[in-house]
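A.B. asks: Got a structure for you, questions after.
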Amino acid sequence: MIKKSFILVFFLFGFNSLFSQISWETNLKVAQVKAIEKDQLILVDFWAIWCGPCKKMDKQLWERPEMKKLSENFVALKIDIDQYPNIARAYNVTSIPRVMIITASEEVIWEKNGFLMPESYIEILKQIPPSLNGLNKKMVTNAGEENPNSSFEIGMGFQKLAISTKSDFGMKFINISNSYFKEVEKKLMILIY
């Protein structure tokens with residue numbers, strides 16, 4: 001009887017931890033496709049197998065039960081800096097752990113180096129909007145397009161997102177919006193002359 005109880009308790013704890021895990025992607029391109037499909041931001045965790053603080057972050061933050069629910073609002077991506085040094089260089093990763101929140105077109109929304117308190121990360125993750133209102137797809141499809149209308153639409157989309165998002169991301173969304181409006185200005189100048 002004791003053996004059956006032990007097995008049942010072990011099974012329940014194992015089963016519970018299985019469902020409290022974040023589903024991590026390990027390939028940037030796959031995460032980008034998924035982010036476009038789900039219309040969400042990408043949370044990138046730069047790490048390495050030898051990194052002690054990264055292991056601490058896994059245990060104290062990513063494996064927390066509430067993370068499963070929070071991860072419904074973003075595509076989770078773990079990048080091993082030893083396996084993908086080119087991606088780490090592209091994002092200027094000089095220390096780990098480093099967590100970034102990016103769009104599917106790789107615009108950085110938020111970033112933080114190191115790990116101290118899980119609560120500071122959780123507060124930020126709670127602010128991630130569940131949807132980008134189609135912006136990921138527009139940014140990727142309109143990349144390099146000369147038409148100023150597409151840049152204007154994306155800029156307006158980020159303005160709307162900033163207004164609807166009562167969070168620290170609001171100002172970043174406005175900054176991204178302004179960069180798209182500057183693109184509109186440049187494209188119009190080219191069309192005029």
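The values are calculated or read from the model by the stated rules, or taken from the named source; none is laboratory data. Because the structure is a prediction, the values reported are computed rather than measured. As a convention, Cβ positions derive from the backbone with ideal geometry for all residues, glycine included, and neighbour counts pool all protein chains shown.
A.B. asks: Of all residues in the range 43-69 being part of a loop (DSSP other than H, G, I, E, B) and touching a strand residue (DSSP E or B) at 6+ places or on another chain (Cβ under 8 Å), which is surrounded by the fewest Cβ atoms within 10 Å (Cβ to Cβ)?
C.D. replies: Going through the qualifying residues, I end up with 49.
A.B. asks: Could you check the range 100-116 and list, in sequence order, the residues that are within 16 Å of the chain's Cα centre (by Cα) and either in a loop (DSSP other than H, G, I, E, B) or closer than 18 Å to residue 30 by Cα (or both)?
C.D. replies: 100, 101, 102, 103, 104, 105, 106, 107, 108
A.B. asks: Considering every residue within the range 117-128, establish whether at least one is part of a loop (DSSP other than H, G, I, E, B) and either of a type in the set (Lys, Arg) or in contact with a Lys or Arg (Cβ under 9 Å, 6 or more places away or on another chain) (or both).
C.D. replies: yes
A.B. asks: Sort through 136, 175 and tell me the only one that's without any contact (Cβ under 8 Å) to a residue 12 or more places away in the chain and polar (S, T, N, Q).
C.D. replies: When all the criteria are applied, what remains is 175.
A.B. asks: Evaluate the following for residue 101: is it crowded, with 16+ Cβ neighbours inside 10 Å and in contact (Cβ under 8 Å) with a residue 24 or more places away in the chain?
C.D. replies: yes
A.B. asks: Can you tell me how many residues in the range 28-42 are closer than 26 Å to residue 85 by Cβ and assigned to a helix (DSSP H, G or I)?
C.D. replies: 9
A.B. asks: Does residue 145 qualify as being in contact with a Ser or Thr (Cβ under 9 Å, 6 or more places away or on another chain), free of Cβ contacts under 8 Å to residues at least 40 places away in the same chain, acidic (Asp, Glu) and at negative phi?
C.D. replies: Taking the combined requirement at face value, the residue satisfies it.
A.B. asks: Scan the range 18-73 residue by residue and report those that are modelled with pLDDT of 95 or more and β-branched (Val, Ile, Thr).
C.D. replies: Passing the criteria: 26, 30, 33, 36, 42, 44, 49.
A.B. asks: Same structure, new question: Within the group 136, 178, 149, which residue is outside the structural domain of residue 82 (by TED's automatic domain parsing), buried (at least 19 other Cβ atoms within 10 Å of the Cβ) and not hydrophobic (A, V, I, L, M, F, W, C)?
C.D. replies: The unique qualifying residue is 136.
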